[in-house]
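Report on the structure given below.
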Amino acid sequence: MISNYEELSDTHIDVLKEIGNIGAGNAATSLGMILNAEVGINLPTVRISDFDTALNAMGGAESMTVGVLLNFSGEASGMIMFLLGMDDAQNITSILVQDDAPIEDGLSEMKLSAIKEIGNILGSAYINSIALLTGLQIDLSVPYIAIDMAGAILSVPIIEFGAVGDKVMFIEESFFTDEQQLNSNIIMFAEVDTLQRIMGRLGIEG
C-alpha cells in the first residue's frame, strides 16, 4: 500500500511516465487546435522529481515564470501546474493575440488571458488522459494564473502537499510548429489515495 511518493516502485513510476507521455500527445493536439496549425512534440521528459530538481530544471528559484494552476477533485484529487518561462510566454502569446510588444513591457491582460486558456486546455489534456485510462470521474477547477519567481510559484504545492512527500510528476515538453518552438513544464501532484486508485484501476497492486 503506497503511503507516500517515496514508496513508488519502478513499475508505479513507469505507469506515471506513460500517463505523462499520453497526456503530452493529447496536449500537442489541443495546442494545434488553439494555434490553428500542425503542432509536433519532441519526446517529453517525464520523471518523478523532488521540488528542488524541478526548480533547477526551470532555471532556478529566481527565474521569472508564468504559472497556471488547476486543482482536480472527485474520484482523483490533486493539482496540476502549467509553467512557462517569460520568453516562451511572449512567443506563444504573440501568435495568439498578434501583439509583438516586447516582454519588458509586461504581459497585457489579453496575453494573460490567452496563457490562462492555454494552461487550462493543456492541463485538462493530462487530467483527461488519466480519466480515460482509468474511468475515474475527475472535475477541474477554474484556472488561476500568476507571474512570479519559480520558487514562489512552486511554494503553493509545497505548502499544500509537502506533508505527504516532496515528489511530483515533472514533465518537460517541447512543442513545435513550422515557425515556433514552445518549451514548457507541467508539474502534477496527486494525493496518495489517488495514486492508489489509479494503480488499482490499471490492475497494478499498490
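Structure notes:
- Cα→Cβ-extended label distance, 7 Å offset, between Met149 and Glu18, nm: 4.1 nm
- Dipole orientation for the range 5-201: of the candidates Val156, Phe176, Val142, Val142 has the Cα lying most toward the positive pole (charges on Cβ; Lys, Arg +1; Asp, Glu -1).
- Highest average first, the peptides 113-123, 86-96 ordered by how many other beta carbon atoms sit within 10 Å of their residues are 113-123, 86-96.
- Between Ile204 and Asn183, the C-beta separation translates, for a Förster distance of 22 Å, into a calculated FRET efficiency of about 0.10.
- Remark: Met110, Met33, Met199, Met169 ranked as Met33, Met110, Met199, Met169, counting other beta-carbon atoms within 10 Å and listing the fewest first.
- Highest average first, the peptides 11-21, 73-83 ordered by how many other beta carbon atoms sit within 10 Å of their residues are 73-83, 11-21.
- Calculated [222 nm] ellipticity per residue, helices only, for the chain: -15000 deg cm²/dmol; basis is -39500 (n - 2.57) per DSSP H run with n ≥ 4, divided by all residues, nearest 500.
- Net charge dipole size for the chain [Lys, Arg +1 and Asp, Glu -1 on Cβ; Debye, nearest 20]: 500 debye
Readers should treat all values here as calculations from the given coordinates under stated rules, not as data from a laboratory. Just so you know, these numbers come straight off a predicted model, no measurement behind them. Heads up, the Cβs are rebuilt from the backbone with ideal geometry, glycines too, and the neighbour counts pull from every protein chain shown.
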